[in-house]
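The structure appears right after this line, and notes come after that.
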Amino acid sequence: SYKVHKKLNTKPNSKGVISTSLFGDKDNLDFEQKYLQPLLKNIEIISKVLPGWCFRVYVPRNFSSNIIERLIRCCNEVYVMEIIPTGNIGTLWRFLPASENKPFISYDADMLLTESNLWIKDLSDSVYKWLKSDKIFFQRTLAILNYMVPISAGMWGAKPTKEGFSAIPDMQERLEKYNSDWFGCDEAFLTKEVYPIFKS
C-alpha cells in the first residue's frame, strides 16, 4: 500500500518538502476547484512562504497523466504509488517523508499555505521558529480539531535530529501495519503510532 512505483521531477537539493496526497475522482466537478486549484496556487507561492522548499504530491498509479503533467510543469515532485487506493488510504502516503533526512510538513491539498485565521496560525512564521529550535517535530495548531485528536494530519511535520538521523526511519513499516481506508484513518494512525514519539 505504501510502495512508490516511480518518482518524477525529484528535487534532491530542496531545503524541505511540503507533502500532500491527491487521489479520487478527477472527473468530479469539485475535484479541480476544491483540490487541484488550491494545490497549484500553493506551488506558485511556496517560494515566497518557504524559499527553497518544494511540494511533493503522492498520486495513485492510475491517476490522470494530464494532471501529473500539470503538476510537473509547476515544478512539483510527483511520487506515483504502486496501488490504486480504495477509500482514504491515500491520505497516509503524505507521511512517508518522515523517514527522510530533510524537514517535511504534511499538508492538506485543499488548504492554502497563506491561510491564517482565528483557528489556524500563520504557517511560515511558525515553521521558521521550529526550524531554528531543537524540536524535531512540528505542529501547526488547529484549535477545534486539537481538542479531539493530538495531531492534525494536514498540519504536522518533522526534521532530522541534530545527529542527522531521520525523525521516524521506520515510517513505511509502521504504515504497512495498517490497511485502513475510512475517513480519519490518517489521524488515528498519528495518534497511535506517531504521537508517543512526538510527545517524548
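The values are calculated or read from the model by the stated rules, or taken from the named source; none is laboratory data. Fair warning: this is a prediction, and the values are worked out from it, not measured in the lab. Neighbour counts are summed over all protein chains in view; Cβ atoms, including those assigned to glycine, are modelled from backbone coordinates with ideal geometry. For the accessible areas, the whole protein counts, side chains as well, though only heavy atoms, and no ligand, DNA or RNA atoms are used. Shrake-Rupley method; radii C 1.70, N 1.55, O 1.52, S 1.80 Å.
Here are the numbers:
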quantity	calculated
Amide proton proximity set for Ser21, modelled H, under 5 Å, gap of 5+	Tyr58, Ala109
Only Lys, Arg (+1) and Asp, Glu (-1) charged, at Cβ; the chain dipole about Cα centre in debye	660
Over the stretch 1-114, relative contact order from alpha-carbon pairs under 8 Å, at least 6 apart, %	45
Carbon/sulfur fraction of accessible area - the chain, other protein chains in place, 1.4 Å, %	52
Per-residue HN-Hα couplings for the stretch 155-167 [Karplus 6.51, -1.76, 1.60; θ = phi - 60°; Hz; x = Gly/Pro]	9, 9, x, 8, 9, x, 5, 5, 7, x, 7, 5, 5
Virtual spin-label span in nm between Lys3 and Lys132, 7 Å along Cα→Cβ	4.5
The stretch 78-116-the stretch 30-65 distance, computed between alpha-carbon centres (Å)	11
Relative contact order for the chain, counting Cα pairs under 8 Å that sit 6 or more residues apart, in percent	25
Global size of the stretch 1-72 as Cα Rg and Dmax, reported in angstrom	12.7, 36
Surrounding net charge for Phe189, when Lys and Arg each add one and Asp and Glu each subtract one, Cβ distance under 12 Å	-1
Rounded to 5, percent antiparallel among DSSP beta bridges of the chain	50
When each of Lys132/Lys162; Lys6/Lys162; Lys135/Lys162; Lys102/Lys177; Lys48/Lys135 is checked by Cα-Cα distance, pairs over 20 Å	Lys6/Lys162; Lys102/Lys177; Lys48/Lys135
Proximal aspartates and glutamates relative to Lys34, as straight alpha-carbon distance under 13 Å, when same-chain residues fewer than 8 apart are discounted	Asp25, Asp108, Asp110
Under-5 Å amide H pairs with Phe55, H placed in peptide plane, nonlocal only	Ile18, Glu77
Rounded, prolate or oblate (a/c below 1.5 giving rounded, otherwise prolate when a/b exceeds b/c) for the chain by Cα gyration tensor	rounded
The chain, accessible area per residue, ligands and nucleic acids excluded (1.4 Å, Å²)	51
